[in-house]
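These notes concern the structure reproduced below.
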Amino acid sequence: MRASRRLLAGALLAVALSAARPAAADRQLDPELQAVVARAIAQAQCFTDQYDSAVWYRLMEPRLRDLVKEKEERIEILRQVYCETHRSGESRLAPGLVMAVIAVESRFDRWAVSSAGAVGLMQVMPFWPERLGMRRYELVHVAPNIHMGCAILRYYLGYERNDVRRALARYNGSPGKRNYPDLVLNQWLHWRGADDLGFPSAAKAH
């Protein structure tokens, strides 16, 4: 039964992708982003402190139970978010902010497809796999979607000098508008406990 549901979901995803409307202007289209996302995929390794990661799972896993029914999928989402936000050699991302983005973008549904054609947990645009020599179906997989989404978010935070509102608006393809940043920042309050694991937050939300 589960296998048939996955096959049906995959077929629906393919139809949605083929029929999706063009994305909003400037959404994940910056030329410099391709190298950033490619590097994130190539360096997909996890560098974590054992104590912090244990606290992370114990703190966050219960909050996901109503949103993600399968335990293995919950653990995989949490592992990827923790690893990507603590990526060695990169500026840190607030784990709670990434969880908030996922909550707003897809409600933790890795099969989600937007009207603009964005796919998966962090609603990554479907041209990314093709540019990176990957397959579109990989966007519904937890690890590559979070790798790409975090790389894009980190890029926009750098571009906007850690102004979270402006970076979120760019991520969503709505520069200058407040609706999407407000939604994410409100969700961040729910997940902010995720940032108490030694994360030196320098981000600013105006």
List, please: which pairs have Cβ atoms under 7 Å, are six or more places apart or on different chains, and start with a residue in the stretch 123-135 that is at pLDDT 75 or above and end with one that is β-branched (Val, Ile, Thr) and in a helix (DSSP H, G or I)?
Trp128/Val37
Please tell me if Gly120 is touching a residue at least 24 places away in the same chain (Cβ under 8 Å) and within 20 Å of Arg65 (Cα to Cα).
yes
Please determine whether any residue of the stretch 88-101 is surrounded by 18 or more Cβ atoms within 10 Å (Cβ to Cβ), of a type in the set (Ser, Thr, Tyr) and either more than 22 Å from Asn179 (Cβ to Cβ) or at pLDDT 90 or above (or both).
no
Go through (1) touching a helix residue (DSSP H, G or I) at 6+ places or on another chain (Cβ under 7 Å); (2) modelled with pLDDT of 90 or more and name the single condition Glu105 misses.
(1)
Mind telling me which of the residues Leu67, Leu59 ends up being modelled with pLDDT of 90 or more and surrounded by fewer than 17 Cβ atoms within 10 Å (Cβ to Cβ)?
Leu67
Met134 is checked against (1) buried (at least 24 other Cβ atoms within 10 Å of the Cβ); (2) of a type in the set (A, V, I, L, M, F, W, C); (3) not in a helix (DSSP H, G or I) and fails just one. What number does that condition carry?
(1)
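The values are calculated or read from the model by the stated rules, or taken from the named source; none is laboratory data. Note that the structure is a prediction, hence the values are computed from the model and not measured. Don't worry about glycine lacking a Cβ; one is built from the backbone with ideal geometry, like all the others, and counts go over all protein chains shown.
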